[in-house]
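Undergrad: Could you have a look at this structure, given as structure tokens, before my questions?
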Amino acid sequence: MAEFLNVERVLENLDLKDSMVAAEFGCGSAAFAMALAKKLKKGRVYALDIQEEKLSALKGRAKLEKVGNIHTVLCDLEVPGASGLHNNFLDVVLIPNVLFQVENKRAMIEEAKRILKSGGQLLIIDWLRAGPFSPKAGMVSPDEIKEIAGDLALSLKKEFAVGDYHYALLFVKS
């Protein structure tokens, strides 16, 4: 049986401390934002998305589960500075299953780098291969992401498979 994306297993690859500040880009159903918020009890998690409905649903879910350290941000992450977050502010940025949907992948990764502290972790997850749930178009290869990240002086710390259909690349900002 094929394994899909296991959020908890993915987060085990990050060096997390409970007072960190993190963000999930393109949060959608916010599986990562919720899991991070529960791990970073003394920290804060920013959930960013271009769709107001996704953010509204997250607010309701967070309230229901009594998770009070998530802050939602409505923005287009392909626009420089659109997150509204300060430079060198975050410890962790996750971009899970989003890059295949955006035209300007570099702009999104640049925004992540801008808001990450020196030593901050950027985890990018995307589709590895076609499967029953994969997108019909737009898949981006790990090599393409590594090239963009390399151009932006982000160092690859770790590369690993996430389930049967996704890859993960963990970068560190110097």
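The values are calculated or read from the model by the stated rules, or taken from the named source; none is laboratory data. Here the structure is a predicted model, which means the values were calculated and not measured. As a convention, Cβ positions derive from the backbone with ideal geometry for all residues, glycine included, and neighbour counts pool all protein chains shown.
Undergrad: When segment 113-126 is examined, which residues are found to be charged (D, E, K, R), more than 12 Å from Ala168 (Cα to Cα) and not in a helix (DSSP H, G or I)?
TA: Result: Lys117, single match.
Undergrad: Now a separate question. Can you confirm whether Ala57 is of a type in the set (A, V, I, L, M), surrounded by fewer than 20 Cβ atoms within 10 Å (Cβ to Cβ) and part of a loop (DSSP other than H, G, I, E, B)?
TA: Spelling it out, it is not the case that Ala57 is of a type in the set (A, V, I, L, M), surrounded by fewer than 20 Cβ atoms within 10 Å (Cβ to Cβ) and part of a loop (DSSP other than H, G, I, E, B).
Undergrad: Please verify whether Arg106 is outside any strand (DSSP E or B), under 17 Å from the mean Cα position of the chain (by Cα) and either surrounded by 14 or more Cβ atoms within 10 Å (Cβ to Cβ) or not acidic (Asp, Glu) (or both), treating the condition exactly as stated.
TA: Against the criterion (outside any strand (DSSP E or B), under 17 Å from the mean Cα position of the chain (by Cα) and either surrounded by 14 or more Cβ atoms within 10 Å (Cβ to Cβ) or not acidic (Asp, Glu) (or both)), Arg106 qualifies.
Undergrad: For segment 1-30, give me each residue that is surrounded by fewer than 16 Cβ atoms within 10 Å (Cβ to Cβ), at pLDDT 95 or above and under 20 Å from Ala112 (Cα atoms).
TA: Listed by number, the residues that qualify are Asn13, Asp15, Lys17, Ser19.
Undergrad: Output the residues belonging to segment 142-172 that are in contact with a Phe, Trp or Tyr (Cβ under 8 Å, 6 or more places away or on another chain), in a strand (DSSP E or B) and not hydrophobic (A, V, I, L, M, F, W, C).
TA: Those that are in contact with a Phe, Trp or Tyr (Cβ under 8 Å, 6 or more places away or on another chain), in a strand (DSSP E or B) and not hydrophobic (A, V, I, L, M, F, W, C): Ser155, Lys157, Glu159, His166, Tyr167.
Undergrad: Would you be able to tell me the number of residues in segment 73-101 that are on the phi < 0 side of the Ramachandran plot, in contact (Cβ under 8 Å) with a residue 40 or more places away in the chain and assigned to a loop (DSSP other than H, G, I, E, B)?
TA: Looking only at that region, the number is 5.
Undergrad: Please determine whether any residue of segment 79-86 is out of contact with any helix residue (DSSP H, G or I) (no Cβ under 8 Å at 6 or more places or on another chain), surrounded by fewer than 19 Cβ atoms within 10 Å (Cβ to Cβ) and at pLDDT 95 or above.
TA: yes
Undergrad: Right, here's the next one. Is it fair to say Ala62 is surrounded by 15 or more Cβ atoms within 10 Å (Cβ to Cβ), at pLDDT below 95 and not aromatic (Phe, Trp, Tyr)?
TA: Taking the combined requirement at face value, the residue does not satisfy it.
Undergrad: On to the next question. Kindly list the number of the only condition in (1) among the charged types (D, E, K, R); (2) in a helix (DSSP H, G or I); (3) closer than 17 Å to Ala168 by Cα that fails for Arg129.
TA: Looking at each condition in turn, Arg129 falls short on (2).
Undergrad: Let me ask something else. Given the conditions (1) aliphatic (A, V, I, L, M); (2) over 24 Å from Glu12 (Cα atoms); (3) free of Cβ contacts under 8 Å to residues at least 40 places away in the same chain; (4) surrounded by 12 or more Cβ atoms within 10 Å (Cβ to Cβ), which single one is not true for Leu152?
TA: (3)
Undergrad: Testing Pro132 on (1) surrounded by fewer than 20 Cβ atoms within 10 Å (Cβ to Cβ); (2) within 26 Å of Lys54 (Cβ to Cβ); (3) at pLDDT 95 or above; (4) not small (Gly, Ala, Ser), one condition comes back false. Which one is that?
TA: The number of the failed condition is (3).
Undergrad: Can you run down the residue pairs with Cβ atoms below 9 Å, 6 or more apart or on separate chains, where the first is in segment 111-133 and at positive phi and the partner is basic (Lys, Arg) and surrounded by fewer than 24 Cβ atoms within 10 Å (Cβ to Cβ)?
TA: Qualifying pairs under 9 Å: Gly119/Lys173.
Undergrad: Could you grab me the full set of residues in segment 16-32 that are in contact with a strand residue (DSSP E or B) (Cβ under 7 Å, 6 or more places away or on another chain) and not hydrophobic (A, V, I, L, M, F, W, C)?
TA: Glu24, Gly26, Gly28
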